[in-house]
1. Calculate how steeply helix 198-213 sits against the longest principal axis of the alpha-carbon atoms of the chain, using the helix alpha-carbon long axis, and give the answer as 0 to 90 degrees to the nearest 10.
2. Would you mind calculating the gained length between residue 167 and residue 52 on full extension (0.36 nm times residue separation, minus the Cα-Cα distance), in nm to one decimal?
3. If every alpha-carbon in the range 55-95 counts as one equal scatterer, what log10 I(q)/I(0) does Debye give at q = 0.21, 0.30 1/Å?
4. Please compute, over every Cα-Cα pair in the range 167-290, the percentage with a separation greater than 25 angstrom.
5. Top mean-square fluctuation among 206, 21, 295, Gaussian network model of the chain, C-alpha springs under 10 Å?
6. Per residue, how much accessible area does the chain show when a 1.4 Å probe rolls over the protein heavy atoms, in square angstrom?
7. Within the chain, what's the longest run with no GluC sites (Glu not before Pro) in a DSSP loop and at most 13 other beta-carbon atoms within 10 Å? Give the range, please.
8. Calculate, in nm to one decimal, what residue 262 and residue 122 gain on full extension: separation in residues at 0.36 nm each, minus their alpha carbon distance.
Amino acid sequence: MAGVGLGLPAAPERAPEWGHDALVVCDNLVRIYQSEGIEVQALQGLDLLVHAGEMIALVGASGSGKSTLLQVLAGVDAPTAGRARVAGHDLLTLTRAERLHYRRHIVGFVRQQTARNLVPYLTGREVVDLPMSIAGTPRGERAERAEHLLTTLGVAHCADRRPDQMSGGEQQRVAIAVALANAPRVLLADEPTGELDSETAQEVFDALRTANRDLGATVVVVTHDPSVSGQVARTVAIRDGRTSSEVLRADGGGATLGPAEEYAVMDRAGRVQVPREFREALELTRRVRLALTGDHVEIRSDGHRDAETP
Ligand SMILES: Nc1ncnc2c1ncn2[C@@H]1O[C@H](COP(=O)(O)OP(=O)(O)OP(=O)(O)O)[C@@H](O)[C@H]1O
């Protein structure tokens, strides 16, 4: 406004930053591991946006980079390059103290190994109390929240049991309560149903959904289990350290989801991976013709021009 009064030209409007309205932003994220002189590119320029309130599944072949991504988002592992921001926290520039705060308050984490999520000698109530106690939450508030979480996640009966007195599914639901103790914005779960039979896996998945719908956490769950990825509105596939495709299902409310529609992911430079079966069916190789036709883009074979050119 002052500029107008002084007769100065208005500053040009800047386009909002990519992902400015997302809770989780991964932009061209790279993580390179060096082991014994060999470089492994676990993440190779991964783009991903997750909005507040979403619950998404991450799927992909073994070694595609899913766990690496989750470790980065958990603030456990630092990316090599790119941008990673969660709830306004830039994960590349966190100081030690900020990282501690981030891991305590902004994200919660549930691992596959049920036993590793809990403490063998603590009861359900005590283990949910622990992160709140470390964070300095007053005793009365802690007791109330632990009770609320255990009840909402269907494991109130585990309040006085130690892990060896709980089933695998109960251990995982208590672990979800622990991860949510300090009311994080994001709940990350790495194969949380990997060690469980299908009925128990469903109970754990339902607890994750409760965390998302009733307890306000945005949920990112890595899974190999098609019955889990089939129950979320958005499944993101990772291939070779990048997001490659997404399956979206319209959320019909309640437990019902609409039919799945698969989408290819276009990166910020406009690159799209054409599935191998499409490439092979039309012999799409090095060069293709692109045409903008009304509301879609056509990709055609180059017609083997290389072979014809003298
Ligand atoms: N600490 C590490 N040091 C060296 N290489 C690593 C390290 N962690 C992961 N990698 C490598 O990075 C790549 C991605 O691994 P990551 O564990 O993220 O894959 P993933 O998709 O989670 O696989 P899985 O489904 O088997 O758990 C793999 O090639 C893996 O060997």
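The values are calculated or read from the model by the stated rules, or taken from the named source; none is laboratory data. Since this is a predicted model, take the numbers as computed values, not measurements. Quick reminder, even Gly has a Cβ in these numbers, built from the backbone with ideal geometry, and neighbours come from all protein chains shown. These accessible areas exclude ligands, DNA and RNA; they are computed on the full protein's heavy atoms, side chains included. Shrake-Rupley method; radii C 1.70, N 1.55, O 1.52, S 1.80 Å.
1. Taking Cα atoms only, the helix is inclined about 80 degrees.
2. On the way: separation 115, 0.36 × 115 = 41.40 nm, distance 3.18 nm.
Taking 0.36 nm per residue and subtracting the Cα distance, the gain is 38.2 nm.
3. Computed log10 I(q)/I(0) values: -0.71, -1.11.
4. Working: 2861 of 7626 pairs.
Summing the P(r) tail past 25 Å for the range 167-290 gives 38 percent.
5. 295
6. Spelled out: the 1.4 Å probe surface of the chain, per residue, equals 56 Å².
7. Between exposed loop sites, the widest span is 37-282.
8. Details: separation 140, 0.36 × 140 = 50.40 nm, distance 4.43 nm.
So the extension gain works out to 46.0 nm.
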